[in-house]
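Right, one structure below, let's go through it.
Nothing in this text is a laboratory measurement; each read-out follows from the coordinates by a stated rule. Since this is a predicted model, take the numbers as computed values, not measurements. Methodologically, a virtual Cβ is constructed for each residue, glycine included, from the backbone with ideal geometry; neighbour enumeration extends over all protein chains shown.
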Amino acid sequence: MKIYTKTGDKGFTSLIGGTRVPKYHLRIESYGTVDELNSWIGLIRDQDITTHDKDFLKQIQDRLFTIGSSLAADPEKSKMIIPDLHLADIDLLEREMDKMTAQLPELKHFILPGGSNSISWCHIARCVCRRAERLTVHLAEESMVDEKVIIYLNRLSDYLFTLARKLGNDSQIPENQWIPRL
């Protein structure tokens, strides 16, 4: 099987279910941004972080493929069975954030991204996650989107922020606090 099909050469692509849409379609932007997020998370996993964090991030990458499948399917025409996102996936993110937060100093300031590559990449992933969430919310205004997808993306951006703080704490890197100039 060849990786290239030549079916997208005119600027259109197919959704799961066969519907052809332009490559700038909001559904394509949504799952394309989720794919971008997944790549950033892969980069974070490649860093010198704990095995637990690497394994947890791999689970997140799996969920992002599930989300991408959901967003790539035409809700009107797709008959393909695709994996489901579960409320337990959202609960797992929340429990992991709670565990990390219990080990961190109280948050009293906004945090500027930076401190190490892994911290910065968590913040980049967080921003890409927020963009994926915004695009998916927009898509949900005009088409069917599983509400768990939006909730998961919202929690995931919070998780990535908390992970950035944890990685800094693990490496004894002081948080880059924003102190407004007044």
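Across all Cα pairs in the chain, the calculated P(r) in 5 Å bins from zero up to the longest distance comes to 1, 8, 16, 19, 17, 13, 11, 7, 5, 3, 1, 0, 0 percent per bin. Taking a straight Cα-Cα cut-off under 25 Å and skipping sequence neighbours fewer than 8 places away in the same chain, the lysines within cross-link reach of Lys108 are Lys99, Lys166.
Projecting the Cα atoms of Ala73, Met97, Ile3 onto the charge dipole of the stretch 1-117, computed from C-beta unit charges around the Cα centre, puts Ile3 farthest toward the positive end.
When +1 charges are put on Lys and Arg Cβ atoms and -1 charges on Asp and Glu Cβ atoms, the dipole computed for the stretch 1-128 relative to its Cα centre reaches about 640 debye.
Taking other C-beta atoms within 10 Å as the exposure proxy, Arg20, Arg126 rank Arg20, Arg126 from fewest upward. Ranking Val149, Pro113, Pro83 by how far each Cα lies toward the positive end of the dipole of the stretch 53-182 (charges on Cβ) leaves Pro113 at the top. In a reduced charge model with +1 at each Lys and Arg Cβ and -1 at each Asp and Glu Cβ, the stretch 110-182 shows a dipole moment near 280 debye about its Cα centre. Close amide H partners of Thr13, meaning residues 5 or more places away or on another chain with modelled amide H under 5 Å apart, are Val21, Lys23. Computed from point charges on the beta carbon alone (+1 for Lys and Arg, -1 for Asp and Glu), the dipole magnitude for the stretch 50-182 about its Cα centre is near 480 Debye. With point charges of +1 on the Cβ of Lys and Arg and -1 on the Cβ of Asp and Glu, referenced to the Cα centre of the chain, which listed residue (Ile16, Trp178, Leu167) lies farthest in the positive direction of the dipole? Value computed over the given set: Ile16. Shown in residue order for the stretch 172-182 are the 3J(HN,Hα) couplings computed by the Karplus curve 6.51 cos²θ - 1.76 cosθ + 1.60 at θ = phi - 60°: 6, 9, x, 5, 8, 6, 8, 10, x, 7, 10 Hz (x for Gly and Pro). Ellipticity at 222 nm from helices only: DSSP H runs of n ≥ 4 in the chain, each -39500 (n - 2.57), divided by the residue count, give -20500 deg cm²/dmol. Note on Leu182, Leu26: ascending count of other Cβ atoms within 10 Å places them as Leu182, Leu26, the fewest first. Between Gln177 and Asp84, residue separation times 0.36 nm minus the direct Cα-Cα distance comes to 29.6 nm. Ordered by the number of other Cβ atoms lying within 10 Å of each residue's own Cβ, fewest first, Cys127, Cys122 fall into the sequence Cys127, Cys122.
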